[in-house]
Amino acid sequence: MSDDGELDLNSLSDEDLVFQVHDDLYDGLKEEVEAAVHILLGRGWAPYKVLTEALVEGMRIVGIDFRDGILFVPEVLLAANSMKAGMFILRPLLIATGAPRLGKMVIGTVKGDIHDIGKNLVGMMMEGAGFEVIDLGINNSVEKYLGAIEEHGPDILGMSALLTTTMPYMKVVIDTMKEKGMRDDYVVLVGGAPLNEEFAKAIGADAYCRDAAVAVETAKSFMARKHNQLAKG
Ligand code: B1M
């Protein structure tokens, strides 16, 4: 504690500071979260470690209490804003890898769904891995996805859904792609907390991605396959 009774984040051990970030995220204390992210980076933590151990884990705890009716939408919004502020600091660090361009991805959250933290994280990690990412934001209709595909000609279409009520919309998009005879021209990756592999298979996606790291690995392996096929002619 400092003289004025405020907690001095710098005085905490790494472990305590990470717990403090979880608490501050929970309480929606954006400036404290930002300060702790800077401190951890200053102590030599890799950006990805800060992201996963401090921010993503903090949001996981928020999610449990939201589910159990201990936290409500206004509090979760504050937590989400704090998370985004932390991610904003990490973004350039996660992206600045100088990796060669591996491919292009269009990504967006499906219609009716405004959750974007996970989708943003996937976008960041994909950029960091060398993909060009076109982020359509939230609440995307099938027309919006198809328009973006036409405009940008990506290798991969990524869709995110966090609600059991919105995840079926992914099938609407994939079915429309099939109807238009364009499904096989793109790799379709899907993700979001309520999904699983079975669901991805059932709707005709190419793969389910449990988290951002898996999304990157899956995208890379699909791109490698594509290049091998092209090389074979
Ligand atoms: Co919402 N919410 N929420 N919420 N919210 C959940 C999803 C919920 C599980 C909470 C709960 O009850 N435990 C629940 C859904 C229940 C269900 O459908 N079965 C829920 C609900 C009910 C709601 C509302 C309906 C609440 C209400 O209004 N009564 C409402 C819906 C609004 C709408 O969308 N129409 C709502 C609103 C909100 C807020 C606005 C307050 C806020 C969103 C703020 C924002 O995103 N800007 C919010 C939040 C923050 C959450 C929780 C707490 C956290 C989500 C999050 O950001 N996680 C969430 C609880 C939970 O998920 N446990 C919850 C952190 C993020 C890093 O993880 O998003 O899973 P995640 O992303 C991961 C992977 O899933 C994967 O990689 C990411 C990174 O590793 N991934 C992909 C995600 N997308 C991918 C796409 C890919 C690949 C991988 O493409 C290739």
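The values are calculated or read from the model by the stated rules, or taken from the named source; none is laboratory data. Source: prediction; values computed, not measured. In this analysis, Cβ positions are derived from the backbone assuming ideal geometry, glycine residues included, and neighbour counts consider all displayed protein chains. Note: areas computed on protein heavy atoms with side chains; ligands, DNA, RNA excluded. Shrake-Rupley method; radii C 1.70, N 1.55, O 1.52, S 1.80 Å.
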#### Entry: the stretch 2-64 shape via C-alpha gyration tensor axes, a/c threshold 1.5
oblate
### Query
Of 104/232; 104/226; 84/119, which sit over 18 Å apart, Cα to Cα?
104/232
### 17 Å cut-off, amide nitrogen to a point 7 angstrom out along residue 228 Cα→Cβ, residues in the stretch 127-160
none
### Message
Using each residue's phi in the stretch 194-206, evaluate 6.51 cos²θ - 1.76 cosθ + 1.60 at θ = phi - 60° and report the 3J(HN,Hα) Karplus result to the nearest Hz, with x for Gly and Pro.
### Response
x, 7, 8, 4, 4, 4, 4, 5, 4, 8, x, 7, 7
### Task
Report in % the part of the accessible area of the chain that belongs to carbon and sulfur, leaving out ligands and nucleic acids; probe 1.4 Å.
55
### Query
Which value, in debye to the nearest 20, describes the size of the charge dipole of the chain about its Cα centre when Lys and Arg Cβ atoms bear +1, Asp and Glu Cβ atoms bear -1, and nothing else is charged?
1600
### Message
At R0 = 30 Å, how high is the FRET efficiency between residue 49 and residue 164 if r is their beta carbon distance? Nearest 0.05 is fine.
### Response
0.45
#### Entry: Helix-only CD estimate at 222 nm, as mean residue ellipticity for the chain, using -39500 (n - 2.57) per DSSP H run (n ≥ 4)
-17000 deg cm²/dmol
### Task
Could you order peptides 160-166, 105-111, 191-197 by the average number of other Cβ atoms within 10 Å of their residues, highest first?
105-111, 160-166, 191-197
## Note on the structure
Out of 161, 77, 90 - ranked by how far each Cα lies towards the positive end of the dipole of the chain, with unit charges on the beta-carbon of charged residues - the top one is 161
### Task
Quick one: pull the percentage of alpha-carbon pairs in the stretch 1-108 with a separation above 15 Å.
65
### Message
Give me, ordered by chain and number, the residues 5 or more places off residue 7 or on other chains with an amide H under 5 Å from its own placed amide H.
### Response
2
### Task
Normalising by the residue count of the chain, find the relative contact order in percent from Cα pairs under 8 Å and 6+ residues apart.
15
### Summary
Extension length gain for residue 198 and residue 27 (0.36 nm per residue less Cα distance), in nm, is 58.0 nm
### Task
Compute the distance in nm between two label points, each set 7 Å from the Cα along the Cα-to-Cβ direction, one at residue 77 and one at residue 12.
2.6
### Query
Rounded, prolate or oblate: which fits the stretch 128-220 when a ≥ b ≥ c are the square roots of the eigenvalues of the alpha-carbon gyration tensor, with rounded for a/c under 1.5 and prolate only if a/b beats b/c?
rounded
### Message
Please compute the per residue accessible area over the chain with all protein chains in place, 1.4 Å probe, rounded to a whole number of Å².
### Response
52
